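This report refers to the structure that appears directly beneath it.
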Amino acid sequence: MAKTKTVYVCSNCGADSPKWLGKCPNCGEWNTYVEEIVTKEPAVKRPVPGIMEGNKIRPVLLRDITTEEEARIDLKDDELNRVLGGGLVKGSLVLIGGEPGIGKSTLVLQTVLGLTGLKTLYVSGEESSRQLKLRADRLSHDNPNCFILCETHLEQIFTQAANIQPDLMIIDSIQTIFTEVVESSPGSVSQVRECSAAILKYAKESGVPVLLIGHINKEGSIAGPKVLEHIVDTVLQFEGDQHYMYRILRSIKNRFGSTAELGIYEMRQDGLREVSNPSELLLTQNHEGLSGVAIAAAIEGIRPFLIETQALVSSAVYGTPQRSATGFDLRRMNMLLAVLEKRAGFKLVQKDVFLNIAGGLKVNDPAIDLAVISAILSSSLDISIEPGISMCGEVGLSGEIRPVNRIEQRVAEAAKLGFRRMIVPRHNLQGFDTSKLKIELVPVRKVEEALRALFG
């Protein structure tokens, strides 16, 4: 007879405890323990692997292991292919997370409908088949080999998959799937952990790639245990603001490619459009003559693009001036303001400073430091930066302009978009052939030189 008992499980690391704890002793997180009812099954003797004589698993020397290029499936989507590292690897498990209504299901269904040569099984635990049909009609794609299964029972899903023998499987979403092995509600830590482990085993044994759609919690991380992100091969984060039309697909973890890649989409009525040239969305043409706008040449992954850095500096109404940054690290902005005051002599102590990276992007590239400083000063002095000027450079604490990586790509992107001048760190020009360029490069060594080149 199976016994039931109540335990408390940490949703971050999966550690369990007989009573509720405020702080997890294993991972140190606060308020992560959730109550679960588990069934204690009678112990069954299992053979110990490695002791039985018939076991064929033996240690192998590293040099004897043969490798070959991973077989990848072309998803007919350049952005998604690039983020995945060149396509979907057979037998891989990919997790796509994002906020509600951001477009996760639309992205996956749109991709699936474009793969006409592959037999696909789309398992939906949240929507009915009629809802999926209406969405597919809106996307105006048609795949004759796409099977829809509205099921949440894991054992039934595997039975249907064995009958259909698909080339690709999608599960929407992992938090709705449950297995009879664990006696707890769907979406609980135990259920998510067991189901994802079983799906991983299926993917590796059959060679069928599986796409999991996962919810995120209020902190922005994947809902469920942290173990889920460790189990899967690739974790993709689909982010953006619902009020903007741009969506960004980031790779957080990827066992078969780079984690620095970025895919940009535009949300439309008929689905998501790939943005092959992100600068076209991130640059507007109506900022000429306006102060507080500087154009920076940034790089995310291997893609260079030019973005608008907007700043607004005004007199502080209250005693404590406000500091606000959207899409940029606030602590880094405070550091740059301190450099401006100490090294360039600009007093911004009694001023409110607001910073915004246009387009809803979050940029971590340190090369946009120079553009941030230039935009802040442009707004403070109320002098517009001459159109046709872009810049890149990291600002150090002593006021020097430090060199940045991949300067050739940044310069080529600015030249392609018609910029006439570009302010670059002096050290970056060593060994850089500038004779064939159609853009004038202005090398600078300190912040003062850059500001003199901009404002005279």
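Throughout, read-outs are computed from the coordinates displayed, never taken from laboratory work. Note that the structure is a prediction, hence the values are computed from the model and not measured. Glycine gets a Cβ as well: all are built from the backbone with ideal geometry, and neighbour counts include every protein chain shown.
Of all DSSP-defined beta bridges confined to segment 102-226, some 5% are antiparallel rather than parallel.
Farthest toward the positive end of the dipole of the chain, out of Val181, Gly22, Gly345, is the Cα of Gly345, where the dipole comes from beta carbon charges about the Cα centre. Estimated from helical segments only, the mean residue ellipticity of the chain at 222 nm is -7500 deg cm²/dmol, where each DSSP H run of four or more residues counts as -39500 (n - 2.57). The base-10 log of I(q)/I(0) for segment 70-276, evaluated at q = 0.08 Å⁻¹, reads -0.24 [Debye formula, identical scatterers on Cα atoms, solvent excluded]. Other residues with beta-carbon under 13 Å from the beta-carbon of Arg452 carry, at +1 per Lys or Arg and -1 per Asp or Glu, a net charge of 0.
Computed from Cα positions, the angle between helix 104-114 and the longest principal axis of the chain comes to roughly 80 degrees. Phi angles of segment 152-157 translate, via the Karplus equation with coefficients 6.51, -1.76, 1.60 and θ = phi - 60°, into HN-Hα couplings of 10, 7, 5, 4, 5, 4 Hz per residue; Gly and Pro are given as x. Using R0 = 30 Å, the C-beta based FRET efficiency linking Glu35 and Glu180 works out to 0.90. Under 5 Å from the amide H of Thr116 lies no amide H of any residue 5 or more positions distant or on a separate chain, with H modelled from the backbone and absent for Pro and chain starts. DSSP finds beta bridges in the chain, and of those with both partners inside it, around 55 percent are antiparallel. Coupling constants for segment 377-392 follow from the phi torsions by the Karplus curve (6.51 cos²θ - 1.76 cosθ + 1.60, θ = phi - 60°), and in residue order they are 5, 4, 6, 5, 7, 6, 10, 7, 7, 4, x, x, 10, 10, 7, 7 Hz; glycine and proline get x. In terms of overall dimensions, segment 280-455 has a Cα radius of gyration and Dmax of 15.2, 53 angstrom.
If Lys and Arg each add +1 and Asp and Glu each add -1, what is the summed charge of the other residues whose beta carbon sits under 14 Å from the beta carbon of Arg135?
So the environment of Arg135 carries a net charge of -1.
Can you tell me how segment 114-159 classifies by the Cα gyration tensor, rounded, prolate or oblate, using a/c under 1.5 as the rounded cut? Oblate, because a/c is 1.5 or more while a/b does not exceed b/c.
Restricting to segment 339-452, compute how many DSSP beta bridges are antiparallel as a %, nearest 5.
Roughly 25 percent of the DSSP beta bridges within segment 339-452 come out antiparallel.
Judged by the mean number of other Cβ atoms found within 10 Å, the most tightly packed of the peptides 64-75, 381-392 leads the ranking 381-392, 64-75. A simple rule links phi to the HN-Hα coupling: the Karplus curve 6.51 cos²θ - 1.76 cosθ + 1.60 with θ = phi - 60°, which for segment 14-27 gives x, 5, 10, 8, x, 10, 6, 10, x, 10, 6, x, 7, 10 Hz, with x for Gly and Pro. Compared with the dominant Cα axis of the chain, that is its longest principal axis, helix 407-416 is turned about 70°. When peptides 403-413, 312-322 are sorted by average Cβ neighbour count within 10 Å, with the highest value leading, the order is 403-413, 312-322. Under 5 Å from the amide H of Ile96 lie the amide H atoms of Leu212, Ile213, Gly214, Leu236, each residue being 5 or more positions distant or on a separate chain, with H modelled from the backbone and absent for Pro and chain starts.
Taking the 0 to 90 degree range and rounding to the nearest ten, how far is the long axis of helix 189-206 tilted relative to the main principal axis of the chain, both from C-alpha atoms? The angle comes out near 80 degrees.
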